[in-house]
Amino acid sequence: MNASAYWNDSRAPRYSLLFALPLFLGYEILTLAVSAGPGGQIRNGADVMLQSAFAELLGRRGPMVFEIGLIVFGLVLVGRDLHRGGRHLSGMVFLGMLVEAALLALLCGLLVGGVTSHLFGAVGMVLGPIDGTPVPVRLMLSLGAGLYEELLFRVILVGAVAWAGRRLLGWSATRSGIVAVVVGALVFSAVHYIGAYGDHLTLYSFVYRTLAGLFFGGLYLVRGFGITAWTHALYDIFVLVA
């Protein structure tokens, strides 16, 4: 497998979406396990936002429709890509994607933490309100962040802004991509301070999360959903669990 083939294959739906599947399964299994405990039902904020939108449209069946629709839509994309690109899947591509995501997660921590520390003259991770929660909860939220935050803030938001910039405003792909990543990063950071479980707003944490959003947004445009989702999940695991 040469580098060019790996670069293209790892962005293709048959690899990207299947690579993200363990995040979905792990998150849902841990959500059920955590919800059975004394803490009640706990879910990732982006997941709650997406399910709430469907609940507003379709009533109490909305969340179920959302999850089933997400699975079916993903399988359709994988099936179409397999039909076009051949039915063979290489385990080495998946292994390469996992190694790449782990290295990118470490790079994200070094860049985001280093730049924020340089700007503010302070060192520290931004953990938010889940600091002190049990390890299974942190792991569940880490997997959910990788999956649903990337789905909401990168696939939907960054993708929509980039599309609007190109198709409606006539911008170049580069300009629309930059604007989309910046908008996505600012929104991504801001929503962490909204709601009952929102974090206390500080300039340090807002800049920290905005820089992380810039990293993940740029990564999504370059490397696609699967690697970005795993990079985000592993970064959160390194910070919140390890």
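Some values worked out for this structure:
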read-out	value
Over region 62-188, relative contact order from alpha-carbon pairs under 8 Å, at least 6 apart, %	13 percent
Charge context of I227, other residues only, Cβ under 13 angstrom, K/R +1, D/E -1	0
Percent RCO, i.e. relative contact order, over region 3-241, from Cα pairs under 8 Å lying at least 6 residues apart	31 percent
Magnitude of the charge dipole, the chain, Cβ model with Lys/Arg +1 and Asp/Glu -1, debye to 20	680 debye
Contour excess over end-to-end distance, with Cα ends at L107 and V155 and 0.36 nm allotted per residue	15.1 nm
Net +/- balance of residues flanking L139 in space, Cβ distance below 14 Å, scoring K and R +1, D and E -1	0
Residue list for region 210-236, given a label point 7 angstrom along the Cα-to-Cβ vector of S117 and an amide N cut-off under 12 Å	none
Label-point separation in nm, R84 to R175, each point 7 Å along Cα→Cβ	2.8 nm
Tensor-based shape of region 3-241 (alpha-carbon gyration tensor, a/c under 1.5 rounded, otherwise prolate or oblate)	rounded
Efficiency of FRET between V99 and L168 - r from beta-carbon atoms, R0 41 angstrom, step 0.05	0.60
Of the DSSP H helices in the chain, those whose Cα atoms cover at least 20 Å axially and whose Kyte score averages -0.5 or more	13-35, 62-85, 91-120, 173-190, 203-223
5 angstrom amide H check on W171, placed H, neighbours 5+ away	R166
Highest-MSF residue in the chain out of A55, A46, A212 [GNM, Cα springs under 10 Å]	A55
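Coordinate-derived values only; no laboratory data. Everything quoted here is computed from the prediction, not taken from an experiment. Don't worry about glycine lacking a Cβ; one is built from the backbone with ideal geometry, like all the others, and counts go over all protein chains shown.
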